[in-house]
1. Could you tell me whether Val380 is in the same structural domain as Glu13 (by TED's automatic domain parsing), at pLDDT below 95 and under 20 Å from the mean Cα position of the chain (by Cα)?
2. Name the helices (runs of 4 or more DSSP H) wholly within the stretch 170-281 that hold at least 1 residues that are farther than 23 Å from Gly368 by Cβ and among the basic types (Lys, Arg)?
3. With the structure loaded, tell me whether Lys85 is closer than 22 Å to Ser204 by Cα and either surrounded by fewer than 17 Cβ atoms within 10 Å (Cβ to Cβ) or modelled with pLDDT under 95 (or both) or whether it fails that test.
4. Out of the residues in the stretch 3-22 that are out of contact with any helix residue (DSSP H, G or I) (no Cβ under 6 Å at 6 or more places or on another chain) and of a type in the set (Gly, Ala, Ser), which is nearest to Phe310 (Cα to Cα)?
5. List every residue pair whose Cβ atoms lie under 8 Å apart, where the two residues are 6 or more positions apart in sequence or sit on different chains, the first residue falls within the stretch 380-404 and is within 22 Å of Ala197 (Cα to Cα), and the second residue, located anywhere, is outside any helix (DSSP H, G or I) and among the charged types (D, E, K, R).
6. Does at least one position in the stretch 383-400 carry a residue that is surrounded by fewer than 18 Cβ atoms within 10 Å (Cβ to Cβ), of a type outside the set (Lys, Arg) and on the phi > 0 side of the Ramachandran plot?
7. Evaluate the stretch 340-354: report whether one residue or more is over 22 Å from Glu18 (Cα atoms), surrounded by fewer than 17 Cβ atoms within 10 Å (Cβ to Cβ) and not assigned by TED's automatic domain parsing to the domain that holds Pro153.
8. Going through the stretch 422-439 one residue at a time, which ones are assigned to a helix (DSSP H, G or I) and within 45 Å of the chain's Cα centre (by Cα)?
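The values are calculated or read from the model by the stated rules, or taken from the named source; none is laboratory data. Not measured: the values here are computed from a predicted model. Note that we place each Cβ from the backbone using ideal geometry, even for glycine, and neighbour counts take in every protein chain shown.
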Amino acid sequence: MKIHRIDSHNGGEVVRREISVLRERLSSRGNIVSESGRQRTIEIFGEALSPQQVVERICCDIRVGGLSSLLDYSLRVDGAELTAKTIRVTKNELAAAYRKSDSGFLASIRFAKDNIRMFQEKILRNKNVFWKTRGGYICERYRPLRRVGICVPGGAAAYPSTILMTVIPAQVAGVREIAVMMPPTKLGAYNVDMLAACFELGVSEVYRMGGAQGVAAFAYGVEGVPAVDKIVGPGNMFVSLAKRFVNGDVGIDMIAGPSELVVIVDGSTNPVFVAYDILAQAEHSPGVCIIVGWDKDIVDASVNVIESEFSKLERGELAKTSLERFGAVVVAKDELDACRITDLIAPEHLIIATQNAEVLADKILNAGAIFVGGYTPAAVGDYVAGPSHVLPTNGTARFANGLTCNDFLKSSSVMSFSKKGLATYADCVESLSRKEGLTAHGESVSVRLR
């Protein structure tokens, strides 16, 4: 296996440049397209458009053409012949899928649901902040969003975990209308387990739509699909670009790119654990996988185990291809250097598999989710621990956080003053308004006090 190697001893600027090159290959800007993708675009649109141009055309067409444009793109892009009656999954179909689904699978869904709900309830900002002030009060009031749209992938694999990790935070926040979109595929809205998971969570509004056309339908509303106030959830490049395009017409959670993992190792780390953490990430394909360590023997041992395990995995060849294109090992100078490199990468997932993992975790500033110790694989966070697995990617963990129930709340400031209370603020308001040349601002206070 040819995996990219970066040596921090060559200087920090070299590391920065190499990581930048690696990240650019999976950029969410949508300026990289394969030859097969280019040909597919020509087949659908009759010309070689960039992914960004594809998304803009789809979104604009659906904003104007509504349901007919949505159905047209579902046929042209997804190959799905849908109608106004079949684009939404019926309640009977959801119930039938639930009855057909495996009991062991449903038990796992319930177990994960309880953990996720418990965590989200603990962090919910559901209490208004209220305090009395001079002659009045000030309050920060929280209310749930009215209606949200959730994107659930279904092209390469079925992801019931994404339903859990997006729907439950919205429910905990108190959102009353939750609409889910899944592509019209056997791994999406025609998948028994996916529909059963929706039924188990009490979601009754599920649409057979995906890609940019689904995002546009949620953003602008079409016949039978009311517009939402916010769109959340992961997806492919076209979903991400579409979310970027409609941002402002509706709210979005983030522009999520392919998944990322960094594992920090030292001399105490078990190379087999590291290998399977990396393989678990790489089987997403594509996905960024990076080992960072200052003990070269452990780094090399981990790579050797990875190479020996490919053939045992169902998606082994995909994982190998992903690692060769988007994987890397970084030899750090020491543990502080490893932390600096990790903060530079700002990964979506970070596993700290070192002897002093708790200490290093406190030193890390930039990471979407941190898994501390040798017995905390990222997979436990992907499925069941409680925090959402919808996390910032492509370096955005420098300023962004993972999806939580609080992302489905909006706040309003509320204030009220008596005449006496207003008088205590009058001089300040009048002084500042004069400096800004906005004298009516000051007069709006003075006139009340005269």
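1. Details: in the same structural domain as Glu13 (by TED's automatic domain parsing): yes; at pLDDT below 95: no; under 20 Å from the mean Cα position of the chain (by Cα): yes.
So Val380 fails the test.
2. Output list is empty.
3. Details: closer than 22 Å to Ser204 by Cα: yes; either surrounded by fewer than 17 Cβ atoms within 10 Å (Cβ to Cβ) or modelled with pLDDT under 95 (or both): yes.
Criteria met by Lys85.
4. Among those that are out of contact with any helix residue (DSSP H, G or I) (no Cβ under 6 Å at 6 or more places or on another chain) and of a type in the set (Gly, Ala, Ser), it is Ser20.
5. Every condition considered, the pairs that remain are Val390/Asp253; Leu391/Glu348; Leu403/Asp253.
6. no
7. No; the residues of the stretch 340-354 include none that is over 22 Å from Glu18 (Cα atoms), surrounded by fewer than 17 Cβ atoms within 10 Å (Cβ to Cβ) and not assigned by TED's automatic domain parsing to the domain that holds Pro153.
8. Within the stretch 422-439, Leu422, Tyr425, Cys428, Val429, Leu432, Ser433, Lys435, Glu436 qualify.
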